[in-house]
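Enquirer: Before I ask anything, let me first share the structure, which is written out below as structure tokens.
Laboratory data are not the source of any read-out in this text; all were calculated from the coordinates shown. Please read all numbers here as calculations on a predicted model, not as lab measurements. Positions of Cβ are backbone-derived with ideal geometry, glycine not excepted, and every protein chain shown enters the neighbour counts.
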Amino acid sequence: MHQSGSNKKIYEDKATDQLRALTAWLREHVPTAVEVVQHKGAARGRKQGAAILDALELLDGETLKPRSSRYGKNVLDVLSQKGQSQVLNRSEMIASESGVDYWTKFRIEREFLSVVLAAPGP
């Protein structure tokens, strides 16, 4: 093993140890350190969320219907062109211009692609 491979192993081991320590600390402290409260603006946050889902054509009334959305259909079309063991790479859907990432097909923020991808199927 050459020097850089040796260093890589050392850093991977250190990262693993730190992750274990962080995970243990979180398990111990999060239940007593975190308090969930409902913010007065929660109804407004729900309305904004529904407005985004509606703008992405993901809603039919109050039901999520991603297959009815042109945005959802785009994702499915791109995926359908892939072979069984192939994956969809980020660069096939996302581009960058002046340091700003966007969904290539629609030229909208990449975060909207994440919303579409997270919408459950029928």
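Enquirer: Which percent of the Cα-Cα distances in the chain go past 26 Å?
Expert: Values: 4000 of 7381 pairs.
Considering the chain, 54 percent of its Cα-Cα pairs are separated by more than 26 Å.
Enquirer: State, as an integer percentage, the relative contact order of region 12-122 based on alpha-carbon contacts under 8 Å between residues 6 or more apart.
Expert: For region 12-122, the relative contact order is 21 percent.
Enquirer: Can you list the HN-Hα couplings for region 17-31, worked out from phi with the Karplus curve (6.51, -1.76, 1.60; θ = phi - 60°), rounded to whole Hz and with x for Gly and Pro?
Expert: After applying 6.51 cos²θ - 1.76 cosθ + 1.60, I find 4, 5, 5, 4, 5, 5, 4, 4, 4, 4, 4, 6, 9, 4, x Hz.
Enquirer: List the residues, sorted by chain then number, that are 5 or more residues from L64 or on another chain and whose placed amide H is less than 5 Å from its amide H.
Expert: none
Enquirer: Relative to the present Cα-Cα distance, how much length would full extension add between E57 and D17 at 0.36 nm per residue of separation? Kindly include the intermediate steps, with their values, before the conclusion.
Expert: Numbers: separation 40, 0.36 × 40 = 14.40 nm, distance 4.49 nm.
Working it through step by step, the gained length comes to 9.9 nm.
Enquirer: How big is Rg to Rh over region 70-110, alpha-carbon atoms, Rh as the Kirkwood inverse-mean-distance radius?
Expert: 1.02
Enquirer: Show the residues, 5+ positions off or on another chain, whose built amide H is closer than 5 Å to the amide H of I108.
Expert: Sorted by chain and number, the residues that satisfy this are W103.
Enquirer: Counting helices only, and only those DSSP H runs with n ≥ 4, report the 222 nm mean residue ellipticity of the chain as the sum of -39,500 (n - 2.57) divided by its residues, in deg cm²/dmol to the nearest 500.
Expert: -17500 deg cm²/dmol
Enquirer: Please sort by residue number the GluC sites (Glu not before Pro) in region 14-122 whose DSSP state is loop and whose Cβ has at most 13 other Cβ atoms within 10 Å.
Expert: Within region 14-122, the qualifying GluC sites (Glu not before Pro) (loop, at most 13 other Cβ atoms within 10 Å) are E35, E62.
Enquirer: For I108 and V30, what does the FRET efficiency come to when R0 = 30 Å and r is the distance between their Cβ atoms, rounded to the nearest 0.05?
Expert: On the way: r = 35 Å, r/R0 = 1.17.
In this case the efficiency is close to 0.30.
Enquirer: Go through region 80-113 and name the chymotrypsin sites (Phe, Trp or Tyr not before Pro) that are in a DSSP coil and have 16 or fewer other Cβ atoms within 10 Å of their Cβ.
Expert: F106
Enquirer: Determine ³J(HN,Hα), in whole Hz, for all residues of region 44-51 in sequence, where each value follows from phi through the Karplus function 6.51 cos²θ - 1.76 cosθ + 1.60 and θ = phi - 60°; x replaces Gly and Pro.
Expert: 5, x, 5, 5, 5, x, 5, 5
Enquirer: While we're on this one: Mind telling me which of Q84, Q48, Q18 comes out most flexible in a GNM of the chain, alpha-carbon contacts under 10 Å?
Expert: In this elastic network of the chain, the residue with the biggest mean-square fluctuation among Q84, Q48, Q18 is Q18.
Enquirer: So what are the ³J(HN,Hα) numbers for region 83-89, from phi and the Karplus equation (6.51, -1.76, 1.60; θ = phi - 60°), rounded to whole Hz, Gly and Pro as x?
Expert: Those phi angles translate into x, 4, 9, 8, 10, 8, 8 Hz.
Enquirer: Assuming R0 = 25 Å, can you tell me the calculated FRET efficiency for the pair K82 and A118, based on Cβ-Cβ distance, to the nearest 0.05?
Expert: 0.80
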